[in-house]
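Peer 1: Okay, handing you the structure first.
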Amino acid sequence: MKRLMIAVGAILLACLALWGASLKLTESSVASGGKRLIIYNWGDYINPALIKKFEKKTGYQVIYQTFDSNEAMYTKINQGGTAYDLTIPSDYMVTKMRRGKLLRPLDLERIPNRKYLGYDFLHKSFDVKNAYSLPYFWGTLGIVYNDRLVRRGSIKTWDDLWQRRFRHNILLVDSARDMMGMSLASMHHSMNTTNALQLHLAKAKLDQLGPNIKAIISDELKMYMIQNEAAVGVTWSGEAAEMLSNNRHLHYVLPKPYSNLWFDNFVIPKTAKNPAGAYAFINFMLNPKNAAQNAAYVGYASPVQAVWQYLPQAVRRDRSFYPTQKMVKKLMVFKDLPPQMVQKYNDLFLEFKMYAR
Amino acid sequence: MNKHTWLGKVYLWFVLILLYLPIGYLIFYSFSSGHNMNHFKQFTWLHYQTLFQDNRLLAIFLQTILLALLSGLIATAIGTAGAVMIDRLQQKRQQKVFLALNNVLMVSPDVIIGASFLIFFTALGIQLNFGSVLISHVAFSIPIVVLMVLPKLKELDHTLVDAASDLGASPHQIFSRILIPAMMPGIVVGFFMALTYSLDDFAVTFFVTGNGFTTLSVEIYSRARQGIDLEINALSTIIFLFVLVLVFIYYLLTTKRFKKNGKIGGIIK
């Protein structure tokens, strides 16, 4: 019995020590006493140095939590029981959260640095007045190719993918909206079409791509492209940026005639306990210098215009990651479609996947 | 006969290698200077250095261990009490019902337990934080403790309890002098089992983590979007060593101490 008590005491002591140590680790950067700001973001989607800088500047203690999908984040916030002050949903999720009355309207007056945002990245269909959201990062859907297997510059349009030379050599990302959208765009139809005929035509065109397809996969696509397993991959620019940094033979193309434009956005959930801190943080992140530091770390494209001055020459010149205004104007944001339409997209894509040969 | 033991040994080694090869592979690459696990470049401690500068990840690591220890401790206390209670039930039928209810929790999938906890906490308006995770970890660890402790009580000769009370021992004395020593091996095993359950749980934790608290498994899962870097390999290596030490301590405890005390004669001092 005595020994048992000693063991219990030892465990409790160890717990206390661990608790103290973890407290010390998380608070070492701040003189505590400041208020807490809880940020809920994608995993590894911010430069940690910026959080430290923000804490030092404002005295807030930042608690940084992560999620791995829009849906997981939505469920957590919708369930309640959480008090995230700031989170970063993608475009269609902003609409969904707004409809679910989960968002607090933004008081834009409190974010003076919004003036640095490029006009092309504001007032998009998912939040026309930017009443609830401001863009954090943006990107496109495009084509990654390997210059050991494909001549440089020989891919320019979506239609190029249908050429015979890519037989059994294309990787597609497993996403109904994106792949149907690709097929629609190649036929100059809207990527948000609700026209049944256009959708069926798009599906028929995808079927023709069948012999060229090596696999339809999700996260593994990155790894396969890096390992030179396929000549061509269709994926998002953020993913592509990471592939490019791992394999210098890879290149990213934003195909003609147009493509999808997506956003991850700052929003303040209804459950926020410290909106003042959230405003301060958004404002801080939109400061061009900070935005540039963040973009350099994360590798996605920043909607803050002045970031340009701080980016390295090579990145600035790369039109596929930072397209010209003219190109951006053409890009199409996915609209939140009614559920039966989403179902239609999913069904057609599933049918295509099942019989893709 | 000899041939069979030889075959058995080969098979044993085959299984062991199969189980440890992936972990070895992971540890091996934690020392590579590259950014991925495709080619081993050069030996480096770099990933360990970045790991030890990553305060957030280290804090999460410590919190995960803290959670495991604390939930293990509480679950062991509750589970042991539960085992004593089940053992005391007069009717065999009642005992069976309680054991069956206990086992249902053992076999039901983590996802269901996690989802039900999430619904439960939000229905009661409990904030999702360290407390909610602790409660759920305690809850899913209790059944295993009960299962580990109960057989020791069954082995115990109950006439000992009767004899003790005949000789004037108080209930407290009976509990601390007879029941506890008899259950001790079960309690220790139960505690370690609860510890490992808590350490490697992902599904339940995923549902109930919230403000300001997360565990290692949930954090690593969230990072997977950007591709897992070798810092995680380094961390996994450290955890593997940590668990190895734990198992070693457990081995020492079970082989030395309880061999002596395990016999009935050793119980009453």
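Peer 1: Would you tally the residues in segment A:108-121 being within 14 Å of A:SER90 (Cα to Cα) and in a loop (DSSP other than H, G, I, E, B)?
Peer 2: 0
Peer 1: Do the conditions hold for B:VAL138, that is, is it in contact with a Leu (Cβ under 9 Å, 6 or more places away or on another chain), at pLDDT 90 or above and under 18 Å from B:SER71 (Cα atoms)?
Peer 2: Yes; evaluated as a whole, the condition is true for this residue.
Peer 1: Just give me the residues in segment B:127-139 being open to solvent by 10 Å² or more (accessible area, probe 1.4 Å) and in contact with a helix residue (DSSP H, G or I) (Cβ under 6 Å, 6 or more places away or on another chain), in sequence order.
Peer 2: Of everything in segment B:127-139, those that are open to solvent by 10 Å² or more (accessible area, probe 1.4 Å) and in contact with a helix residue (DSSP H, G or I) (Cβ under 6 Å, 6 or more places away or on another chain) turn out to be B:LEU134, B:VAL138.
Peer 1: Considering A:LEU18, A:LEU12, which residue is closer than 30 Å to B:MET183 by Cα, at pLDDT 80 or above, loosely packed, with under 15 Cβ neighbours inside 10 Å and within 11 Å of chain B (Cβ to nearest Cβ)?
Peer 2: None of the other options fit; the residue is A:LEU12.
Peer 1: If I ask for residues that are part of a helix (DSSP H, G or I), modelled with pLDDT of 85 or more, out of contact with any Ser or Thr (no Cβ under 7 Å at 6 or more places or on another chain) and among the hydrophobic types (A, V, I, L, M, F, W, C), which ones from segment A:296-349 would you list?
Peer 2: If the condition is that a residue be part of a helix (DSSP H, G or I), modelled with pLDDT of 85 or more, out of contact with any Ser or Thr (no Cβ under 7 Å at 6 or more places or on another chain) and among the hydrophobic types (A, V, I, L, M, F, W, C), then A:LEU348, A:PHE349 are the ones that fit.
Peer 1: Could I ask something else about it? Kindly list the number of the only condition in (1) touching a residue at least 60 places away in the same chain (Cβ under 8 Å); (2) part of a helix (DSSP H, G or I); (3) over 17 Å from B:VAL84 (Cβ atoms) that fails for B:PRO143.
Peer 2: Evaluating B:PRO143 over (1) touching a residue at least 60 places away in the same chain (Cβ under 8 Å); (2) part of a helix (DSSP H, G or I); (3) over 17 Å from B:VAL84 (Cβ atoms) leaves (3) as the failure.
Peer 1: Please determine, by comparing only the residues of segment A:149-191 that are open to solvent by less than 70 Å² (accessible area, probe 1.4 Å) and over 27 Å from A:LYS344 (Cα atoms), which one is modelled with the lowest pLDDT.
Peer 2: A:GLY153
Peer 1: If I filter segment B:140-159 down to residues being over 15 Å from the mean Cα position of the chain (by Cα) and buried (at least 21 other Cβ atoms within 10 Å of the Cβ), which single residue comes out as nearest to B:GLN63 (Cα to Cα)?
Peer 2: Ranking the qualifying residues of segment B:140-159, first place goes to B:LEU150.
Peer 1: Pairs needed: first member in segment B:230-254, within 17 Å of B:LEU66 (Cα to Cα); second member anywhere, open to solvent by less than 20 Å² (accessible area, probe 1.4 Å) and at pLDDT below 85; C-beta distance under 6 Å; at least 6 residues apart or different chains.
Peer 2: Listed pairs, sorted by first residue: B:LEU235/B:LEU51.
Peer 1: What are the pairs with Cβ atoms under 8 angstrom where one residue, in segment A:320-347, is within 25 Å of A:HIS251 (Cβ to Cβ) and the other, located anywhere, is among the hydrophobic types (A, V, I, L, M, F, W, C) and open to solvent by 40 Å² or more (accessible area, probe 1.4 Å)? Sequence gap at least six, or different chains.
Peer 2: Final answer for the pair search is A:PHE321/A:VAL315; A:TYR322/A:TRP308; A:TYR322/A:VAL315.
Peer 1: Further question: Hey, among A:ILE217, A:ILE213, which residue is assigned by TED's automatic domain parsing to the domain that holds A:ALA185 and closer than 23 Å to A:ASP91 by Cα?
Peer 2: When all the criteria are applied, what remains is A:ILE217.
Peer 1: I want to confirm something. Restricting to segment A:108-126 and keeping residues that are of a type in the set (D, E, K, R) and buried (at least 17 other Cβ atoms within 10 Å of the Cβ), which single residue is modelled with the highest pLDDT?
Peer 2: Within segment A:108-126, the match that is modelled with the highest pLDDT is A:ARG114.
Peer 1: Determine which single condition B:LEU46 fails, assuming it passes every other condition in (1) without any contact (Cβ under 8 Å) to a residue 12 or more places away in the chain; (2) open to solvent by 60 Å² or more (accessible area, probe 1.4 Å); (3) farther than 28 Å from B:THR205 by Cβ; (4) away from every other protein chain (no Cβ under 14 Å).
Peer 2: Of the numbered conditions (1) without any contact (Cβ under 8 Å) to a residue 12 or more places away in the chain; (2) open to solvent by 60 Å² or more (accessible area, probe 1.4 Å); (3) farther than 28 Å from B:THR205 by Cβ; (4) away from every other protein chain (no Cβ under 14 Å), the odd one out for B:LEU46 is (1).
Peer 1: Being surrounded by 16 or more Cβ atoms within 10 Å (Cβ to Cβ) and assigned to a helix (DSSP H, G or I) is the filter; apply it to segment B:160-174 and report the residue that is nearest to the chain's Cα centre (by Cα).
Peer 2: Result: B:ILE174.
Peer 1: Is at least one residue of segment B:119-140 under 30 Å from B:ILE27 (Cβ atoms) and within 14 Å of chain A (Cβ to nearest Cβ)?
Peer 2: yes
Peer 1: Now for a separate question. Just to be sure I understand, how many residues within segment A:242-279 are touching a Lys or Arg at 6+ places or on another chain (Cβ under 6 Å), open to solvent by less than 10 Å² (accessible area, probe 1.4 Å) and either among the charged types (D, E, K, R) or free of Cβ contacts under 8 Å to residues at least 24 places away in the same chain (or both)?
Peer 2: 0
Peer 1: Please verify whether segment B:60-73 includes one or more residues that are open to solvent by less than 50 Å² (accessible area, probe 1.4 Å) and away from chain A (no Cβ under 14 Å).
Peer 2: no
Peer 1: Could you check, for segment B:201-213, whether at least one of its residues is modelled with pLDDT of 85 or more and among the charged types (D, E, K, R)?
Peer 2: Yes; the residues of segment B:201-213 include at least one that is modelled with pLDDT of 85 or more and among the charged types (D, E, K, R).
Residue-by-condition table, conditions (1) without any contact (Cβ under 8 Å) to a residue 12 or more places away in the chain; (2) closer than 19 Å to A:PHE284 by Cβ; (3) assigned by TED's automatic domain parsing to the domain that holds A:LYS335; (4) not polar (S, T, N, Q):
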residue: A:ALA49; (1), (2), (3), (4): no, yes, no, yes
residue: A:LYS96; (1), (2), (3), (4): no, no, no, yes
residue: A:GLY100; (1), (2), (3), (4): no, no, no, yes
residue: A:TYR116; (1), (2), (3), (4): no, yes, no, yes
residue: A:SER125; (1), (2), (3), (4): no, no, no, no
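Peer 1: State which residue is surrounded by the fewest Cβ atoms within 10 Å (Cβ to Cβ) when the search covers only segment A:51-90 and only residues that are among the charged types (D, E, K, R) and modelled with pLDDT under 85.
Peer 2: Selected residue: A:GLU71.
Peer 1: So A:PRO105 ticks every box in (1) open to solvent by 40 Å² or more (accessible area, probe 1.4 Å); (2) part of a loop (DSSP other than H, G, I, E, B); (3) at pLDDT below 90 but one. Which box is left unticked?
Peer 2: (3)
Peer 1: Just checking, how many residues over segment A:197-241 are crowded, with 16+ Cβ neighbours inside 10 Å and either small (Gly, Ala, Ser) or within 14 Å of another protein chain (Cβ to nearest Cβ) (or both)?
Peer 2: Counting residues in segment A:197-241 that are crowded, with 16+ Cβ neighbours inside 10 Å and either small (Gly, Ala, Ser) or within 14 Å of another protein chain (Cβ to nearest Cβ) (or both) gives 19.
Peer 1: Which members of segment A:73-90 meet the condition of being facing another protein chain (nearest Cβ under 8 Å) and of a type outside the set (Ser, Thr, Tyr)?
Peer 2: A:LYS76, A:GLN79, A:GLY80, A:GLY81, A:ALA83
The values are calculated or read from the model by the stated rules, or taken from the named source; none is laboratory data. From a predicted model like this one, the values you see are computed outputs, not experimental measurements. Backbone-built Cβ (ideal geometry, glycine too); neighbour counts: all protein chains shown. Accessible surface areas use protein heavy atoms only, side chains included; no ligands, DNA or RNA. Shrake-Rupley method; radii C 1.70, N 1.55, O 1.52, S 1.80 Å.
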